[in-house]
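Working notes for the structure below.
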Amino acid sequence: MSTRIWPYLACVFMIAGGILACSGAPPEFDAARAMKDLVAQCDFGPRPPGSAAHDSCRVFLVERLRTLADTVIEQRFAHYDSLRSRSLTMTNIIARFGGDGKRRMLCAHWDTRPIAEHDPDSSRQHEPILGANDGASGVAVLLEMARLFSLKPPPTPVEIVLFDGEDYGPPGRLDLYLLGSQFFSRQARPADYEFAVLLDMVGDADLRLGPEEYSRRFAPELIDLIWSAAEKLGITEFDRHARYSLFDDHIPLLQVGIPAVDIIDFDYPPWHTHADTPDKCSAESLEKVGRVLVEVLYNRP
């Protein structure tokens, strides 16, 4: 059966009334659930690669996605940290929805930074951060999107990818960042993907999301699709005038030919400090990002 017609045939029984109901409307993004998933990740503590909390969070994410997705893959890869003289195993978590065909990718990084170099307390700058916004927020939105996909398959196949090792590198060593997305991109077949949308730091209670410059330069049609969807919904936090140029997980995807956009609010004072905690995030911000994704993925096939 065509994946494009399946959602229109996916009917649900309304048991209370004994009525068979079919609806073309997608399910609603649940902001409270998303915020709960943000907090659940933070409850493990800081989650840098190689830590016990990192492994516990991996198990949590994989088990959750296995209850929702058609397919879940743990893409493991090795990394030797020459600065700390240790070998690490990292894991990209891949979940697929909606059948076969060219896929739309949603992605975020699930690891947290092993140091807090911008923390005002210099005695704590060597400690790992909790990463409520920088890590957990994007993942929380995608876990809620996964729940929606399980309730109503998207009209076009979707792949959720949670990258590991995005924030592992020390200051000034860009080659030691984006480890998971670099590995993923080397294994990927770009022709399998229509586009990719990266979520990073999307939970800030004072949210403002502008087109990231590399995204705008190399994926302008995708930028327009997303920001037009936000404008249709009246979500003014997507502001076409705010811009950054950022080295983030979308860069390796762009380098192999996958159109990719980074949705990020980089104007976030707690960035890479111990103040990046759930109280700096809001369910309303997660919901606004989620509603735009619902509009793009369900209503603009």
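Could you please find all residues in region 97-147 being of a type in the set (A, V, I, L, M) and either touching a helix residue (DSSP H, G or I) at 6+ places or on another chain (Cβ under 7 Å) or modelled with pLDDT under 95 (or both)? Scanning region 97-147 gives Leu106, Ala108, Ala116, Leu130, Ala132, Ala136, Val139, Ala140, Val141, Leu143, Met145, Ala146.
Evaluation of Arg47 against the conditions (1) surrounded by fewer than 18 Cβ atoms within 10 Å (Cβ to Cβ); (2) touching a Cys at 6+ places or on another chain (Cβ under 9 Å); (3) not aromatic (Phe, Trp, Tyr) shows that the sole unmet condition is (1).
So, Arg147, is that one surrounded by fewer than 20 Cβ atoms within 10 Å (Cβ to Cβ) and within 16 Å of Leu179 (Cβ to Cβ) or not? No, not satisfied. Take the residues in region 50-82 that are among the acidic types (Asp, Glu), closer than 22 Å to Tyr177 by Cα and surrounded by fewer than 16 Cβ atoms within 10 Å (Cβ to Cβ); name whichever of them is farthest from the chain's Cα centre (by Cα). Restricting to residues being among the acidic types (Asp, Glu), closer than 22 Å to Tyr177 by Cα and surrounded by fewer than 16 Cβ atoms within 10 Å (Cβ to Cβ), the top hit is Asp55.
Against the criterion of being without any contact (Cβ under 8 Å) to a residue 40 or more places away in the chain and assigned to a loop (DSSP other than H, G, I, E, B), Gly169 qualifies. Among the residues of region 246-270, write down those that are within 18 Å of Pro128 (Cα to Cα), in contact (Cβ under 8 Å) with a residue 12 or more places away in the chain and surrounded by fewer than 18 Cβ atoms within 10 Å (Cβ to Cβ). Within region 246-270, none qualify.
The listed residues are Arg240, Arg208, Arg217, and the only one of them that is in contact (Cβ under 8 Å) with a residue 40 or more places away in the chain and surrounded by fewer than 21 Cβ atoms within 10 Å (Cβ to Cβ) turns out to be Arg208. Residues that are touching a strand residue (DSSP E or B) at 6+ places or on another chain (Cβ under 7 Å), in a helix (DSSP H, G or I) and more than 25 Å from Glu117 (Cβ to Cβ) within region 232-278 comprise Leu253, Leu254, listed in sequence order.
Only one of the numbered conditions (1) assigned to a loop (DSSP other than H, G, I, E, B); (2) polar (S, T, N, Q); (3) buried (at least 23 other Cβ atoms within 10 Å of the Cβ) is violated by Thr156, and that is (3). Only one residue in Ser185, Ser181 is surrounded by 13 or more Cβ atoms within 10 Å (Cβ to Cβ), touching a Cys at 6+ places or on another chain (Cβ under 8 Å) and part of a helix (DSSP H, G or I), so which one is that? Unique residue meeting the criteria: Ser181.
The values are calculated or read from the model by the stated rules, or taken from the named source; none is laboratory data. Given the structure is predicted, the values throughout are model-derived calculations rather than measurements. Every residue, glycine among them, receives a Cβ derived from its backbone with ideal geometry; neighbour counts consider all protein chains shown.
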